[in-house]
1. Quickly run through region 178-193 and pick out the residues that are outside any loop (DSSP other than H, G, I, E, B) and open to solvent by 40 Å² or more (accessible area, probe 1.4 Å).
2. Going through region 6-28 one residue at a time, which ones are under 15 Å from residue 135 (Cβ atoms), open to solvent by less than 50 Å² (accessible area, probe 1.4 Å) and either more than 25 Å from the chain's Cα centre (by Cα) or in contact (Cβ under 8 Å) with a residue 40 or more places away in the chain (or both)?
3. Just the residues that are open to solvent by 50 Å² or more (accessible area, probe 1.4 Å) and either outside any helix (DSSP H, G or I) or closer than 13 Å to residue 39 by Cβ (or both), please, taken from region 106-130.
4. Go through region 77-105 and report how many residues are at pLDDT 75 or above, surrounded by fewer than 11 Cβ atoms within 10 Å (Cβ to Cβ) and either of a type in the set (Gly, Ala, Ser) or on the phi > 0 side of the Ramachandran plot (or both).
5. State the number of residues belonging to region 222-238 that are modelled with pLDDT under 70 and either open to solvent by less than 30 Å² (accessible area, probe 1.4 Å) or under 16 Å from residue 336 (Cα atoms) (or both).
Amino acid sequence: MYALETKLTRRGPDGSLAVTGLGRTFLRLRGKDAVRWLLTAENLQSHGDGDRWRASRHLLEIAVENQVLPLTNWDDSEYFPFDSNTLTRLVQLGALDAHVTGPEDDAEVRWYFVPEAMTNVVRSVLDEGPWHSAVTALLEDERSFAVLGGSPIAVEATIEQTRMIAHEVRNALGPVRYNVDELLSEELTQNHRSRVEAAKKGVLRVLDFVDHMVATSELITEPVTAFDVEGLLREALGWIDDAGAAELILPTGPVRLRGPRPLLLRALLDIIRNALQSATPTPPVRISAERDAREVRIVVEDGGPGVPAELRARVFDDGFTTRPGGSGFGLAFLRKVVEHELGGRVSCEDADLGGARFTIIIPDAESEP
C-alpha cells in the first residue's frame, strides 16, 4: 500500500501493479541516497502531520532543527502530533531514532531524534535542490499518465532544460575559472589572494552544483536502450552549428550499442565541439566508427595542436584542461560514461591529421530494440 500511496507503483486497468518512474529510480539507489529519495517523494506529496504514508515537512523540520521530537501535552495526555505509522517507518528507514524508557515489556517512546549520520540527509530533503525537481517531474508524469495515459512530458522537459542551463553555465564560468587561476599564479597581496581564492571557491561550487543537476536529471531517465551508432553520430553533428566542417566516416551496415544513449550523446557533443574549436581547416575534424570483433570503435581526431604525451592521462581527470577557458569537465564526463556506464575504455594519442585522436572502444551488444 505504501508504494501505491507514494506513487512508486501504479495499478493498471486490469488491477496489476507496475513500477513507475519514481519507483524505478528508487530501485537504482542505495543507502542514504535511497532514503533521501523516499523522504523527498514523501515530503512533496504529504497531506500534513496526520498523513500515515508520507512524512510532512513540519515533522522533519522539528526533528532536525530542535534535534528532538518530544511528546506533546494536551488535556493531561501525552502524545506525538504525528501519525504513529509514519514515525515507525522513519525509524525503520534510519531517518529517525527513538529514545525509549521503561521496562522492556512495557517500553515507551519518550522522543524521536535524527541520528547524527542522517542529519545531512534530512537537511537536504528540506533544502530544495535538483532532487526535488527530479521527483516533481516524475510526479507530474504520473498525473499525466493517470489523466491522459500520457507520455513522460515533464521528465523530458526537465532533462532538456537542465542540460541547456548546465551548458550555458559551464560556458560562462569556464573563462572565469581560467582567469582566476591565472590571477592566482601572479604575485598578489595577501588580501587580494584571499579574495581571488574565495571567488574560485564560488565558481567551483556553482560548477559542482551544475554537475549535480545534470546527474540528477539523468538519474530519472531510462538507463538502457539499444541504439544505432550512425544515428547517434548524425544527431550529435546536427546539434553543432559548424559541424559541416567535420568529416564523418561510417562502416557498411548497422552498428548497434546498448546503454544510456542520452549520456553518450552528451559526451560526444562535448568532444566533437572541443575538436572543432581546436582544429585547423581542411579537414579540421574526422569522426569515424567501425566494428572490430566484439567491440565498437568511435574515433574523433582533429588537426589542432594536439595533447602533449605527458598530459594524455590527465586530460580525463575532472577539472583538468589544456585549453584556455575550458571547463575540464567534458573529457572527464566522457570517461565516466564510457567506462562506468558502457563498460568500455577511452584513450588519447597523436592523430594522423596532426592533432589529437580520442578513441572510444565499447563492447558490441548486437541487440535489437
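The values are calculated or read from the model by the stated rules, or taken from the named source; none is laboratory data. Fair warning: this is a prediction, and the values are worked out from it, not measured in the lab. Note: ideal-geometry Cβ built from the backbone for every residue, glycine included; neighbour counts use all protein chains shown. These area figures cover heavy atoms from the full protein model, side chains too; ligands, DNA and RNA do not enter into them. Shrake-Rupley method; radii C 1.70, N 1.55, O 1.52, S 1.80 Å.
1. 178, 179, 181, 182, 183, 190, 191, 192, 193
2. Of everything in region 6-28, those that are under 15 Å from residue 135 (Cβ atoms), open to solvent by less than 50 Å² (accessible area, probe 1.4 Å) and either more than 25 Å from the chain's Cα centre (by Cα) or in contact (Cβ under 8 Å) with a residue 40 or more places away in the chain (or both) turn out to be 6, 20, 21, 22, 25.
3. Once the filter is applied, which keeps residues that are open to solvent by 50 Å² or more (accessible area, probe 1.4 Å) and either outside any helix (DSSP H, G or I) or closer than 13 Å to residue 39 by Cβ (or both), region 106-130 yields 107, 108, 110, 111, 113, 120, 123, 127, 128.
4. So the count comes out to 0.
5. 1
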